[in-house]
Amino acid sequence: MNVHDIKVDYSTKIPNNVGLSDDRRVLKALEGWHPGYIDWWHDMGPEGFQQSLVYLRTAYSVDPRGWAKFDYVKMPDYRWGILLAPQEENRVVPFGQHFGEPAWQDVPGEHRAMLRRLIVIQGDTEPASVEQQRHLGKTAPSLYDMRNLFQVNVEEGRHLWAMVYLLQKYFGRDGREEADGLLRRRSGSDDAPRMLGAFNEATPDWLSFFMFTYFTDRDGKMQLHSLAQSGFDPLSRTCRFMLTEEAHHMFVGETGISRVVQRTCDAMKAAGIADPTDIAKVRALGVIDLPTIQKKLNLHYTLSLDLFGSEVSTNAANAFNAGIKGRYHETQINDDHKLQNDTYPVLKLVNGEIKRVDEPALTALNMRLRDDYTQDCVKGLLRWNKIITLAGYDFKLALPNVAFHRQIGEFKSIHATPDGLLIDDATWGKRKGEWLPSTDDGDFIASLMQPVTEIGEFASWISPPKVGIDNKPGDFEYVKIET
Ligand code: BYC
């Protein structure tokens, strides 16, 4: 490990550990892109609070043993930078037709278009999520939560920088055009929407934010893990460091939902409510009932499943063969890493029934990654259900069947219940409000979204966290709003 790769150089306008001061061409291109980014941040970044001092962590090194320091920062002054995990000596392409060859330090010409497409898609999601969450600061349930939201937002901004660096450094003129496009598209826009479905949906309230950071950021984790395996070494190194930051985003989601569930259970118990499905009674307590939490979960989980693409995909097979995008934990898998003769079971619609069918493992890579994702999702559900059980309630949150509410892949043209029972259009039309948040549910949740900005205080519908950020005490002022 080269020690110069670990420390971040803060002497240039753009903090980095990639030697930008010796790379005038890329430094100039990035400095040219910077003002557009700042304009975008002002227009589309968090609404309000841009002049507040926020207790944020900033990376100062990419050493896993100590890489971030916390301090008060105004968000527009955050030091967004280019940070790559240290280069591993003698790294090889870990899968596909180039298996075992030295990893590429430059873009392999034959795979240029595919690589650029994947980098652009990854880059597009980062500003999209900031746009989706931009209004949430105004209804934060505490300063602690507000700070976490802003931390997630500035780091998504940095992840955009990470992809823009790759485009500017390795893709010449079309890379620069793509980098500009990343600032031009807008989440939910009719004319220039973001590229993937879930990133054009609204994040209307804080329960959605927690679901998004739990389920959609976890798609990010899986995709980044797959790209971290890439034979294109700069992409691998970028994604490895992004994963370090990403962990906090999923923590925000998992603990956020835990705290909502905890508060609901505590309130139900205190009021002597025995039936958690008695929605009117539970809502009268000013907390979010468990069935509504389940509906939000159904929505965000299924939107996130769509992000894995079709179950059977030649794009995925080509990216793997080319050594560009691998599997989750590729290097820990014990096989030939080429998959030419292997199969993988894929859930498909066969004669109107959901069945597992063996497909060539190469074309089934999206399905495999999605299966890994689902397994990873289950962990949170176990924690949330434990809170419910400990409170003495007979209610379980569950992941819906993968055929439920899909817009991409095998099940996009049918309707199914969360249990995986196929139903016709009319039944779906009548019953979907039982499974997905209705306008009434949205209005109720919106009615709870009253901001709480007193130090150490929390909104009625969420418990305080068990520990503070950076081990700060409960009365710590995470955001100094009056500046
Ligand atoms: N919406 O062969 P197919 C994150 C398109 S999240 C719209 O089925 P493929 C984050 C597809 O583009 C992670 N279009 O799928 C989280 C293709 O179009 P073209 C982001 C979709 O290509 C929270 C066509 O359908 N990173 O980081 O094997 C906050 C057929 O495609 C969708 C990545 O996704 C969709 N859902 O797989 C912040 C990694 N799905 O080219 C950040 C990079 C498919 O025929 N991306 N299509 O016009 C990829 O690896 C793949 O492109 C996908 C799709 C997994 C997205």
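The values are calculated or read from the model by the stated rules, or taken from the named source; none is laboratory data. Quick caveat: nothing in here was measured; it's all calculated off a predicted structure. Heads up, the Cβs are rebuilt from the backbone with ideal geometry, glycines too, and the neighbour counts pull from every protein chain shown. Ligands, DNA and RNA are excluded from the accessible area calculation, which covers all protein heavy atoms including side chains. Shrake-Rupley method; radii C 1.70, N 1.55, O 1.52, S 1.80 Å.
Among residues of the stretch 371-386 that are within 14 Å of Phe308 (Cα to Cα), those with a Cβ under 6 angstrom from a residue that is among the aromatic types (Phe, Trp, Tyr) and surrounded by 18 or more Cβ atoms within 10 Å (Cβ to Cβ), sequence gap 6+ or separate chain, pair up as Asp372/Tyr328. Quick check on the stretch 208-225. Is at least one of its residues within 11 Å of the ligand (Cβ to nearest atom), open to solvent by 30 Å² or more (accessible area, probe 1.4 Å) and either touching an Asp or Glu at 6+ places or on another chain (Cβ under 6 Å) or touching a residue at least 40 places away in the same chain (Cβ under 8 Å) (or both)? The answer is yes, given that some residue of the stretch 208-225 is within 11 Å of the ligand (Cβ to nearest atom), open to solvent by 30 Å² or more (accessible area, probe 1.4 Å) and either touching an Asp or Glu at 6+ places or on another chain (Cβ under 6 Å) or touching a residue at least 40 places away in the same chain (Cβ under 8 Å) (or both).
I'd like the full set of residues that are open to solvent by 40 Å² or more (accessible area, probe 1.4 Å) and of a type in the set (S, T, N, Q), limited to the stretch 256-273.
Step one: list which residues in the stretch 256-273 are open to solvent by 40 Å² or more (accessible area, probe 1.4 Å), which gives 262-263, 266, 269-272.
If the condition is that a residue be open to solvent by 40 Å² or more (accessible area, probe 1.4 Å) and of a type in the set (S, T, N, Q), then Gln262 is the only one that fits.
Among the numbered conditions (1) farther than 23 Å from Ala317 by Cβ; (2) open to solvent by 10 Å² or more (accessible area, probe 1.4 Å); (3) part of a helix (DSSP H, G or I), the only one that Ala162 does not meet is (2). If you go through the stretch 179-207 and keep only what is open to solvent by less than 50 Å² (accessible area, probe 1.4 Å) and away from the ligand (no atom under 13 Å from the Cβ), you end up with Ala179, Gly181, Leu183, Gly188, Ser189, Ala192, Asp205, Trp206, Leu207.
Kindly indicate whether Ile333 is of a type in the set (Val, Ile, Thr) and either touching a His at 6+ places or on another chain (Cβ under 7 Å) or open to solvent by 40 Å² or more (accessible area, probe 1.4 Å) (or both).
Numbers: of a type in the set (Val, Ile, Thr): yes; either touching a His at 6+ places or on another chain (Cβ under 7 Å) or open to solvent by 40 Å² or more (accessible area, probe 1.4 Å) (or both): no.
Answer is no for this residue.
Answer with yes or no whether Lys348 is within 16 Å of the ligand (Cβ to nearest atom), surrounded by fewer than 17 Cβ atoms within 10 Å (Cβ to Cβ) and either in contact (Cβ under 8 Å) with a residue 40 or more places away in the chain or over 22 Å from Thr277 (Cα atoms) (or both). Give the derivation first.
Working: within 16 Å of the ligand (Cβ to nearest atom): yes; surrounded by fewer than 17 Cβ atoms within 10 Å (Cβ to Cβ): no; either in contact (Cβ under 8 Å) with a residue 40 or more places away in the chain or over 22 Å from Thr277 (Cα atoms) (or both): yes.
Answer is no for this residue.
Of all the residues that make up the stretch 202-239, how many are within 17 Å of Leu136 (Cβ to Cβ) and of a type outside the set (Asp, Glu)? Let's see the steps before the verdict.
Going through the stretch 202-239, the residues within 17 Å of Leu136 (Cβ to Cβ) turn out to be 202-217.
Narrowing the set further to residues that are of a type outside the set (Asp, Glu) leaves 202-204, 206-216.
Within the stretch 202-239, residues that are within 17 Å of Leu136 (Cβ to Cβ) and of a type outside the set (Asp, Glu) number 14.
Residue count for the stretch 62-111 satisfying the condition of being buried (at least 18 other Cβ atoms within 10 Å of the Cβ) and within 23 Å of the chain's Cα centre (by Cα): 10.
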